[in-house]
């Protein structure tokens, strides 16, 4: 084949948290999670011991949660489905999607070896976290860089750090929310109000105060979704779930907002706004634990918007991100190419790279 007419051979690496694949994996998965320096921010000589202590304390409740899911996380299967759908959405490329999980197989070193064997012309790194945090995308991209350096993978690479206000992603999310709202409203007594809770995974407040842009980006995600579709009753809140340590976390918590809904006698429609695949924090924490809390407190009714998974509109948005990233790469880029976080967020990867802050007009309007 003429090299000029050959489709570009592009490896797309999808990053996610990972999850245990059997009951015996729960403990080592938790150890990997809580000994990550991006997660447990204590002196390095304390981290191995303290991380194992935390993992031991959380093993029983985590195992019970995964038992509700058949003893394993569905995250890898769902991410593989997203990978195959994304390949099909990029017919102009010879694209192959690879999956790299942070805390359980396949780890970055396994995926680097698979990408190297496939011998791509270029690589696009696409974390499946819409909002950047040092604890998620940052940790995954660091693990990838280290594994690639160790194994000698030297290929032009574009790393998408965030896509929290990407128009395609916001529109796809709004479409799923609109349908869930209509279904919830149809199931409710017309006299009962319905409040939308945008629930994101929380972070320790100290991490945000140190310059992590995650909370800023979550708020801009919600603003972007609401520009595509606003709940007819105009009642919505942002809250944070999954508190895992005793320190102060960003607020309000999802539990607090459930309490407020009970006091206001309003039903709830919960949107997992920082997750794009179903996993234990949606299928157990939102669907079981928070539903039970809502019923106990007397919330009139409780509904949950599904995660995007392989929704066609969402997959089309990911394909658009890949195309746009390739236009701005190689190197680090956001969904608009440039840095989007204000100067205060020193842990934005662009800030660490020395890129001056640029606030896009569309972002400035929702700030």
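The values are calculated or read from the model by the stated rules, or taken from the named source; none is laboratory data. Quantities reported herein were computed from a predicted structural model and do not represent experimental measurements. With ideal geometry, Cβ positions are generated from the backbone for all residues, glycine too; neighbour counts draw on all protein chains shown.
A few remarks follow.
- Subset of the stretch 37-73 [part of a loop (DSSP other than H, G, I, E, B) and either within 30 Å of residue 315 (Cα to Cα) or in the same structural domain as residue 245 (by TED's automatic domain parsing) (or both)]: 38, 39, 69, 70, 71, 72, 73
- Boolean, residue 184 is part of a helix (DSSP H, G or I) and in contact with a strand residue (DSSP E or B) (Cβ under 9 Å, 6 or more places away or on another chain): yes
- Meets criteria (surrounded by fewer than 17 Cβ atoms within 10 Å (Cβ to Cβ) and under 21 Å from the mean Cα position of the chain (by Cα)) for residue 167: yes
- Taking the stretch 229-337 and the helices (runs of 4 or more DSSP H) fully enclosed by it, the elements with 2 or more residues that are at pLDDT 95 or above and surrounded by 21 or more Cβ atoms within 10 Å (Cβ to Cβ) are at 254-264, 312-328.
- From the options 33, 14, 76, 90, residue that is in a strand (DSSP E or B) and either in contact (Cβ under 8 Å) with a residue 40 or more places away in the chain or under 23 Å from residue 130 (Cα atoms) (or both): 14
- The stretch 187-228: number of residues that are assigned to a loop (DSSP other than H, G, I, E, B) and over 14 Å from the mean Cα position of the chain (by Cα): 9
- Candidates 155, 124, 115: the one that is part of a strand (DSSP E or B) and either closer than 19 Å to residue 322 by Cβ or assigned by TED's automatic domain parsing to the domain that holds residue 270 (or both) is 124.
- Scope the stretch 94-112; condition assigned to a loop (DSSP other than H, G, I, E, B), buried (at least 20 other Cβ atoms within 10 Å of the Cβ) and more than 15 Å from the chain's Cα centre (by Cα); matching residues: 104
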